[in-house]
Amino acid sequence: MEIIKIERKVLAKNDAVASEIRGKLQENGVFAVNIVSSPGSGKTTLVEKTIEHFSGRVNISVIEGDVQTDLDAQRVSAYNVPVVQIITNGGCHLDAGLVRDSMQSLDLVSTDFLIIENVGNLVCPAGYDLGEDMKVVVISVTEGDDKPLKYPKMFMNSKVLIINKVDLLPYVNCNIEQLKGNALKINPELKVFEVSCTTGQGINEWCEFIESSI
(Lines give C-alpha, C1' and ligand atoms only; values in the text may rest on other atoms or scores of the structure.)
Protein backbone atom coordinates (compact mmCIF):
# COMPACT_ATOMS: atom_id res chain seq x y z
CA MET A 1 0.00 0.00 0.00
CA GLU A 2 2.83 2.39 0.83
CA ILE A 3 4.45 1.72 -2.56
CA ILE A 4 1.23 2.72 -4.32
CA LYS A 5 1.09 5.95 -2.34
CA ILE A 6 4.65 6.82 -3.31
CA GLU A 7 4.01 6.05 -6.97
CA ARG A 8 0.92 8.26 -6.99
CA LYS A 9 2.87 11.08 -5.40
CA VAL A 10 5.65 10.80 -8.01
CA LEU A 11 3.19 10.74 -10.91
CA ALA A 12 1.21 13.67 -9.49
CA LYS A 13 4.39 15.74 -9.30
CA ASN A 14 5.31 14.71 -12.84
CA ASP A 15 1.86 15.66 -14.15
CA ALA A 16 2.12 19.09 -12.55
CA VAL A 17 5.43 19.74 -14.31
CA ALA A 18 4.02 18.34 -17.56
CA SER A 19 1.14 20.80 -17.34
CA GLU A 20 3.68 23.60 -16.90
CA ILE A 21 5.57 22.40 -19.99
CA ARG A 22 2.38 22.14 -22.03
CA GLY A 23 1.48 25.72 -21.18
CA LYS A 24 4.95 26.92 -22.17
CA LEU A 25 4.80 25.10 -25.49
CA GLN A 26 1.34 26.43 -26.29
CA GLU A 27 2.43 29.94 -25.34
CA ASN A 28 5.21 29.72 -27.93
CA GLY A 29 3.17 27.92 -30.59
CA VAL A 30 5.25 24.73 -30.41
CA PHE A 31 3.81 21.36 -31.43
CA ALA A 32 5.49 18.49 -29.54
CA VAL A 33 5.59 14.72 -29.94
CA ASN A 34 7.00 12.11 -27.56
CA ILE A 35 8.39 9.23 -29.63
CA VAL A 36 8.49 5.95 -27.73
CA SER A 37 9.50 2.40 -28.64
CA SER A 38 11.63 -0.54 -27.66
CA PRO A 39 15.37 -0.27 -28.43
CA GLY A 40 16.30 -0.74 -32.07
CA SER A 41 12.89 -0.01 -33.59
CA GLY A 42 14.28 2.89 -35.64
CA LYS A 43 13.23 5.94 -33.63
CA THR A 44 16.36 7.95 -34.34
CA THR A 45 16.29 7.15 -38.06
CA LEU A 46 12.64 8.24 -38.14
CA VAL A 47 13.67 11.52 -36.48
CA GLU A 48 16.37 12.00 -39.12
CA LYS A 49 13.99 11.32 -42.00
CA THR A 50 11.42 13.70 -40.50
CA ILE A 51 14.01 16.48 -40.22
CA GLU A 52 15.10 15.85 -43.81
CA HIS A 53 11.52 16.12 -45.02
CA PHE A 54 10.89 19.45 -43.28
CA SER A 55 14.29 20.98 -43.99
CA GLY A 56 13.95 24.72 -44.64
CA ARG A 57 10.19 24.74 -44.02
CA VAL A 58 9.61 23.83 -40.38
CA ASN A 59 11.89 24.79 -37.49
CA ILE A 60 12.57 21.63 -35.49
CA SER A 61 14.24 21.17 -32.10
CA VAL A 62 15.03 17.78 -30.60
CA ILE A 63 15.43 16.36 -27.10
CA GLU A 64 17.18 13.00 -27.08
CA GLY A 65 16.83 10.60 -24.15
CA ASP A 66 19.15 7.66 -23.61
CA VAL A 67 20.53 5.54 -20.79
CA GLN A 68 24.13 6.23 -21.83
CA THR A 69 26.12 8.05 -24.58
CA ASP A 70 25.21 11.00 -26.77
CA LEU A 71 25.42 8.99 -30.00
CA ASP A 72 21.84 9.79 -31.04
CA ALA A 73 22.34 13.51 -30.38
CA GLN A 74 25.46 13.43 -32.52
CA ARG A 75 23.49 11.88 -35.37
CA VAL A 76 20.69 14.42 -35.11
CA SER A 77 23.00 17.43 -34.74
CA ALA A 78 24.46 16.60 -38.17
CA TYR A 79 21.20 17.98 -39.58
CA ASN A 80 21.92 21.42 -38.09
CA VAL A 81 18.94 21.46 -35.75
CA PRO A 82 19.07 22.37 -32.03
CA VAL A 83 19.40 19.19 -29.99
CA VAL A 84 19.76 18.47 -26.27
CA GLN A 85 20.87 15.06 -25.01
CA ILE A 86 19.51 13.71 -21.72
CA ILE A 87 21.54 10.83 -20.28
CA THR A 88 19.51 9.07 -17.60
CA ASN A 89 22.39 6.97 -16.21
CA GLY A 90 20.24 3.87 -15.99
CA GLY A 91 16.81 5.48 -15.78
CA CYS A 92 14.34 3.68 -18.04
CA HIS A 93 12.36 6.74 -19.15
CA LEU A 94 12.30 10.53 -19.36
CA ASP A 95 10.21 12.47 -16.89
CA ALA A 96 8.72 15.93 -17.15
CA GLY A 97 11.36 17.47 -14.89
CA LEU A 98 14.16 16.34 -17.19
CA VAL A 99 12.33 17.71 -20.23
CA ARG A 100 11.63 21.05 -18.51
CA ASP A 101 15.31 21.42 -17.65
CA SER A 102 16.35 20.54 -21.20
CA MET A 103 13.96 23.06 -22.71
CA GLN A 104 15.94 25.85 -21.07
CA SER A 105 18.66 25.18 -23.65
CA LEU A 106 16.23 25.54 -26.57
CA ASP A 107 14.84 28.64 -28.26
CA LEU A 108 11.13 27.89 -28.17
CA VAL A 109 10.27 31.18 -29.89
CA SER A 110 12.11 29.92 -32.99
CA THR A 111 10.76 26.37 -32.74
CA ASP A 112 7.68 25.10 -34.60
CA PHE A 113 8.04 21.40 -33.86
CA LEU A 114 9.66 19.74 -30.82
CA ILE A 115 10.59 16.08 -31.08
CA ILE A 116 11.25 14.24 -27.82
CA GLU A 117 12.89 10.86 -28.42
CA ASN A 118 12.35 8.86 -25.27
CA VAL A 119 14.50 6.10 -23.83
CA GLY A 120 14.01 2.79 -25.62
CA ASN A 121 11.41 1.01 -23.48
CA LEU A 122 7.78 -0.01 -24.00
CA VAL A 123 6.94 -0.09 -20.27
CA CYS A 124 8.12 2.83 -18.13
CA PRO A 125 7.55 5.76 -20.54
CA ALA A 126 3.90 4.82 -20.99
CA GLY A 127 2.81 6.38 -17.71
CA TYR A 128 4.80 9.62 -17.88
CA ASP A 129 3.29 12.73 -19.44
CA LEU A 130 6.05 15.01 -20.78
CA GLY A 131 3.77 17.86 -21.79
CA GLU A 132 3.64 16.63 -25.38
CA ASP A 133 0.71 16.98 -27.76
CA MET A 134 0.85 13.28 -28.55
CA LYS A 135 2.76 10.08 -27.92
CA VAL A 136 3.94 8.29 -31.04
CA VAL A 137 4.75 4.61 -30.55
CA VAL A 138 7.12 3.01 -33.05
CA ILE A 139 7.32 -0.74 -33.53
CA SER A 140 9.39 -2.55 -36.15
CA VAL A 141 8.16 -5.64 -37.95
CA THR A 142 11.26 -7.46 -36.67
CA GLU A 143 9.69 -7.40 -33.19
CA GLY A 144 6.72 -9.52 -34.23
CA ASP A 145 2.99 -8.80 -34.22
CA ASP A 146 2.22 -9.47 -30.55
CA LYS A 147 3.82 -6.41 -28.93
CA PRO A 148 0.55 -4.44 -28.55
CA LEU A 149 -0.86 -7.35 -26.54
CA LYS A 150 2.24 -7.56 -24.34
CA TYR A 151 2.55 -3.80 -23.73
CA PRO A 152 -1.05 -2.51 -23.97
CA LYS A 153 -0.61 0.62 -21.84
CA MET A 154 1.84 2.14 -24.31
CA PHE A 155 -0.54 1.62 -27.22
CA MET A 156 -3.51 2.84 -25.19
CA ASN A 157 -1.73 6.08 -24.30
CA SER A 158 -0.44 6.81 -27.82
CA LYS A 159 -2.23 8.64 -30.61
CA VAL A 160 -0.05 7.37 -33.45
CA LEU A 161 1.42 3.97 -34.29
CA ILE A 162 4.30 3.82 -36.75
CA ILE A 163 5.07 0.33 -38.02
CA ASN A 164 8.66 0.60 -39.19
CA LYS A 165 10.96 -1.55 -41.34
CA VAL A 166 8.10 -2.81 -43.53
CA ASP A 167 10.67 -3.48 -46.26
CA LEU A 168 11.76 -6.47 -44.14
CA LEU A 169 8.32 -8.12 -44.06
CA PRO A 170 9.29 -10.84 -46.59
CA TYR A 171 12.11 -11.94 -44.29
CA VAL A 172 10.55 -11.93 -40.82
CA ASN A 173 7.76 -13.74 -39.02
CA CYS A 174 5.31 -10.87 -38.67
CA ASN A 175 1.73 -10.57 -39.90
CA ILE A 176 1.28 -6.83 -40.33
CA GLU A 177 -2.51 -7.06 -40.47
CA GLN A 178 -2.47 -9.00 -37.20
CA LEU A 179 -0.14 -6.39 -35.73
CA LYS A 180 -2.48 -3.56 -36.70
CA GLY A 181 -5.49 -5.51 -35.52
CA ASN A 182 -3.93 -6.16 -32.12
CA ALA A 183 -3.07 -2.48 -31.71
CA LEU A 184 -6.50 -1.25 -32.80
CA LYS A 185 -8.25 -3.65 -30.43
CA ILE A 186 -6.45 -1.88 -27.59
CA ASN A 187 -6.87 1.63 -29.01
CA PRO A 188 -9.31 1.98 -31.92
CA GLU A 189 -8.37 5.67 -32.25
CA LEU A 190 -4.74 4.98 -33.23
CA LYS A 191 -3.56 6.61 -36.43
CA VAL A 192 -1.41 3.96 -38.15
CA PHE A 193 1.44 4.52 -40.63
CA GLU A 194 3.39 1.77 -42.39
CA VAL A 195 6.91 3.06 -42.86
CA SER A 196 10.33 2.08 -44.11
CA CYS A 197 13.03 4.57 -43.21
CA THR A 198 15.31 2.66 -45.61
CA THR A 199 13.16 2.95 -48.75
CA GLY A 200 11.22 6.07 -47.72
CA GLN A 201 7.85 4.33 -47.86
CA GLY A 202 5.29 6.10 -45.68
CA ILE A 203 7.56 8.98 -44.67
CA ASN A 204 5.61 11.54 -46.72
CA GLU A 205 2.30 10.40 -45.24
CA TRP A 206 3.67 10.61 -41.69
CA CYS A 207 5.13 14.07 -42.29
CA GLU A 208 1.94 15.33 -43.95
CA PHE A 209 0.06 14.26 -40.84
CA ILE A 210 2.53 16.15 -38.64
CA GLU A 211 2.33 19.23 -40.83
CA SER A 212 -1.45 19.25 -40.62
CA SER A 213 -1.17 18.91 -36.83
CA ILE A 214 1.28 21.80 -36.56
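The values are calculated or read from the model by the stated rules, or taken from the named source; none is laboratory data. These figures come from a predicted structure and were not determined experimentally. With ideal geometry, Cβ positions are generated from the backbone for all residues, glycine too; neighbour counts draw on all protein chains shown. SASA here: full protein model, heavy atoms, side chains in, ligands and nucleic acids out. Shrake-Rupley method; radii C 1.70, N 1.55, O 1.52, S 1.80 Å.
Just one of the numbered conditions (1) open to solvent by 30 Å² or more (accessible area, probe 1.4 Å); (2) assigned to a strand (DSSP E or B); (3) closer than 19 Å to V17 by Cα; (4) not hydroxyl-bearing (S, T, Y) is not true of K135: (1). With respect to (1) touching an Asp or Glu at 6+ places or on another chain (Cβ under 6 Å); (2) more than 17 Å from C197 (Cα to Cα), the lone exception for S158 is condition (1).
Just one of the numbered conditions (1) under 21 Å from E48 (Cβ atoms); (2) touching a helix residue (DSSP H, G or I) at 6+ places or on another chain (Cβ under 9 Å) is not true of S102: (2).
Looking at G40, G29, G56, which one is in contact (Cβ under 8 Å) with a residue 60 or more places away in the chain, over 22 Å from S196 (Cα atoms) and open to solvent by 20 Å² or more (accessible area, probe 1.4 Å)?
So the residue among G40, G29, G56 that is in contact (Cβ under 8 Å) with a residue 60 or more places away in the chain, over 22 Å from S196 (Cα atoms) and open to solvent by 20 Å² or more (accessible area, probe 1.4 Å) is G29.
Answer yes or no: is there a residue in region 157-180 that is among the hydroxyl-bearing types (S, T, Y) and farther than 25 Å from N80 by Cα. Checked region 157-180: at least one residue is among the hydroxyl-bearing types (S, T, Y) and farther than 25 Å from N80 by Cα. Could we say that V62 is closer than 16 Å to G29 by Cα, open to solvent by less than 40 Å² (accessible area, probe 1.4 Å) and in contact with an Asp or Glu (Cβ under 6 Å, 6 or more places away or on another chain) here? For V62, the condition - closer than 16 Å to G29 by Cα, open to solvent by less than 40 Å² (accessible area, probe 1.4 Å) and in contact with an Asp or Glu (Cβ under 6 Å, 6 or more places away or on another chain) - is not met. Of all residues in region 159-183, those being open to solvent by less than 50 Å² (accessible area, probe 1.4 Å) and among the hydroxyl-bearing types (S, T, Y) number 0.
Restricting attention to region 138-169, which residues are within 11 Å of S41 (Cβ to Cβ), assigned to a loop (DSSP other than H, G, I, E, B) and of a type in the set (D, E)? Once the filter is applied, which keeps residues that are within 11 Å of S41 (Cβ to Cβ), assigned to a loop (DSSP other than H, G, I, E, B) and of a type in the set (D, E), region 138-169 yields nothing.
If you scan region 72-91, which residues turn out to be under 17 Å from the mean Cα position of the chain (by Cα) and part of a helix (DSSP H, G or I)? Across region 72-91, the qualifying residues are D72, A73, R75, V76. If you go through region 123-132 and keep only what is over 15 Å from I186 (Cα atoms) and surrounded by fewer than 23 Cβ atoms within 10 Å (Cβ to Cβ), you end up with V123, C124, G127, Y128, D129.
Every residue, every condition in (1) touching a strand residue (DSSP E or B) at 6+ places or on another chain (Cβ under 7 Å); (2) at pLDDT 95 or above; (3) not aliphatic (A, V, I, L, M), yes or no:
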position: V166; (1), (2), (3): yes, yes, no
position: P170; (1), (2), (3): no, yes, yes
position: N175; (1), (2), (3): no, yes, yes
position: L179; (1), (2), (3): yes, yes, no
position: A183; (1), (2), (3): yes, yes, no
position: C197; (1), (2), (3): yes, yes, yes
position: W206; (1), (2), (3): yes, yes, yes
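Quick check on region 92-110: of everything there that is under 16 Å from the mean Cα position of the chain (by Cα) and in a loop (DSSP other than H, G, I, E, B), which residue is surrounded by the most Cβ atoms within 10 Å (Cβ to Cβ)? Ranking the qualifying residues of region 92-110, first place goes to L94. Go through the residues of region 193-208 one by one and say whether even a single one is in contact with a Phe, Trp or Tyr (Cβ under 8 Å, 6 or more places away or on another chain) and exposed (fewer than 15 other Cβ atoms within 10 Å of the Cβ). The answer is yes; a qualifying residue exists.
Return yes or no: is P82 closer than 15 Å to S61 by Cβ and modelled with pLDDT of 95 or more?
Taking the combined requirement at face value, the residue satisfies it.
Picking from residues in region 145-158 that are open to solvent by less than 10 Å² (accessible area, probe 1.4 Å) and in contact with a helix residue (DSSP H, G or I) (Cβ under 8 Å, 6 or more places away or on another chain), the one that is farthest from E117 (Cα to Cα) is P148.
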